[in-house]
Amino acid sequence: MIPDPKAVYIRGMDTRYQHDPAYTSLGDGFADEATPADFPSTILRFRNDRHADAIGLGGLDSAAWTRHFARFEPLPANLSRPLALRYHGHQFMSYNPGLGDGRGFLFAQLRAPDGRLLDLGTKGSGTTPWSRGGDGRLTLKGGVRELLATELLEALGVTTSKSFSLVETGEELDRYDEPSPTRASVLVRLSHGHIRFGSFQRFAFIGDLVRLRKLFDYSCSVYHPQHATPAGFLARVSSAVATTCGRWIAAGFVHGVLNTDNMNITGESFDYGPWRFTPECDPGFTAAYFDHGGLYAYGNQAKAVRWNVQRLADALSGLGEPLDHALDSFEEDFFGGVRAGVLQRLGVAPVGDAADTALIQELLRFAQKTKINLDRLYFDLYGGAASHTRRARSPFAPLYRSSAFELLAELIDGRAARHPERLADPYWQEEAPVDLHIDTVEALWAHIDQRDDWAPLNGHIARIRKLGALLAE
């Protein structure tokens, strides 16, 4: 995008900051102006400088950062007022027409270096017209948990929103499901759009076909310009979310709340509440304590995501154009995501669909049968044939010498490391891999909660980023 010669840049910005508040082109009926909360204090706890640098905001000093990402002073030539987006959604398969951005808003839009439109959105920034009686706030623990989730998912190659800023706000919050009062925070996310499945559902539900068409045209032109028919658009969205879901499986990740208002038309994973990483390959493992029936369990996520895509199809049917076969490739795209994620974590290159499928199926069968720690398994087998020494010193070495491992050993030993030069990195000599199992997350939070000690969290994020660099393709 060509820099706007009329743009006003503030100190710390550079020309990589390319404002583009495109959402306002939709006109009225899509969002409501919101007023940010006036927090008692602002303590900057995290800023994502590597992504801030890429969009021209990395040079902001702490005071300017806080003004924009905690007090929400508008960025130059961007949205003059935050926008709380309107949407509906199916929550645990029950339709809810009373949704919308209740504790967050769209703060700014800008262009990435590759030309993609990016959003800066919030969580915990105060009440909006859609708060439904809530306080519009975010606990500090919730902010820390989302920060951790996005960092590890990004490292594991999952298309995800980025935690851009986390500021502690000096308030004390009451929550019925955790010790209260508890510290509060405001989070800013950097993401590739906020258009949810529920945004389309809302207009279909209220029968506003004019705005449904307008939202569709906007979404095609901004996000999927090569897929400008309803069937083509739906097929592209289906492929994107199926691939992301497959990458969750490879990551051992459980989103927890796969409602249609938590599904994005770009396929980007976002909005992390009761997420978990499963320690074992357990299809029944759930993240949300209130998911009593396991609707969104680890092994049910593909089924849930496909159901959600079908609900998007229902909404798009209001455009009056055929949607035949738009979801036909969902399963193939899902398994493609699993394949790519598993091979990346093993550090081996693909060799062909049949051979890759055999390796992945046997790895998952072995993991499920033995209940081995999934992160440890990937760690021990990284590099394929070059992993013998690491396997031999693993706490699970006896398991790797058992008959249960024979077929997987044959398959993994037939693979060369994709990046053999990375095998010498000290990370692979460490006693254990980095993980975000619940005990790890709770231990990191305890340091903050009890001693206000952020060093363990920052150190863990550094290890996560090291893993991401080693797995990068």
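The values are calculated or read from the model by the stated rules, or taken from the named source; none is laboratory data. Values in this document were obtained by computation on a predicted structure and should not be read as measured data. With ideal geometry, Cβ positions are generated from the backbone for all residues, glycine too; neighbour counts draw on all protein chains shown.
Some points to look at:
- Here the range 101-135 is the region considered, the condition is being under 22 Å from Phe205 (Cα atoms) and without any contact (Cβ under 8 Å) to a residue 60 or more places away in the chain, and the residue that is surrounded by the fewest Cβ atoms within 10 Å (Cβ to Cβ) is Arg132.
- Considering the conditions (1) touching a residue at least 60 places away in the same chain (Cβ under 8 Å); (2) surrounded by fewer than 19 Cβ atoms within 10 Å (Cβ to Cβ); (3) under 29 Å from the mean Cα position of the chain (by Cα); (4) closer than 19 Å to Ala472 by Cα, Asp425 is excluded by exactly one of them, (1).
- Per the conditions (1) of a type in the set (Lys, Arg); (2) farther than 24 Å from Ser238 by Cβ; (3) not in a loop (DSSP other than H, G, I, E, B), the sole criterion not satisfied by Arg175 is (3).
- When residues of the range 286-312 are limited to those that are among the hydroxyl-bearing types (Ser, Thr, Tyr) and modelled with pLDDT of 95 or more, the one farthest from Tyr176 (Cα to Cα): Tyr298
- Residue check for Arg391: in contact (Cβ under 8 Å) with a residue 12 or more places away in the chain and surrounded by 14 or more Cβ atoms within 10 Å (Cβ to Cβ): no
- Subset of the range 35-60 (residues that are in contact with a Gly (Cβ under 6 Å, 6 or more places away or on another chain) and under 15 Å from Met13 (Cβ atoms)): Asp49, Ala52, Gly59, Leu60
- The residues of the range 211-239 that are small (Gly, Ala, Ser) and within 24 Å of Asp28 (Cα to Cα), listed by number, are Ser219, Ser221, Ala228.
- Whichever residue in the range 1-44 is aromatic (Phe, Trp, Tyr) and at pLDDT 95 or above and, among such residues, is farthest from the chain's Cα centre (by Cα): Phe39
- Among the residues examined, Val222 qualifies as part of a helix (DSSP H, G or I), in contact with a Gly (Cβ under 9 Å, 6 or more places away or on another chain), modelled with pLDDT of 95 or more and not small (Gly, Ala, Ser).
- Screening Asp282, Asp208 for residues that are surrounded by fewer than 19 Cβ atoms within 10 Å (Cβ to Cβ), farther than 22 Å from Asn96 by Cα and outside the structural domain of His447 (by TED's automatic domain parsing) leaves exactly one candidate, Asp282.
- Annotation note: of Ala184, Ala155, the sole residue that is surrounded by 21 or more Cβ atoms within 10 Å (Cβ to Cβ), hydrophobic (A, V, I, L, M, F, W, C) and touching an Asp or Glu at 6+ places or on another chain (Cβ under 6 Å) is Ala184.
- Arg189 at pLDDT 95 or above, of a type outside the set (Asp, Glu) and assigned by TED's automatic domain parsing to the domain that holds Leu312: no
- Some residue of the range 438-447 being under 30 Å from Lys369 (Cα atoms) and crowded, with 18+ Cβ neighbours inside 10 Å: yes
- Asp119 vs. criteria within 21 Å of Glu168 (Cβ to Cβ) and acidic (Asp, Glu): no
- Long-range neighbours under 6 Å by Cβ, at least six apart or interchain, first residue closer than 25 Å to Arg376 by Cα and without any contact (Cβ under 8 Å) to a residue 24 or more places away in the chain within the range 278-295, second of a type in the set (A, V, I, L, M) and part of a loop (DSSP other than H, G, I, E, B): Gly284/Ala297
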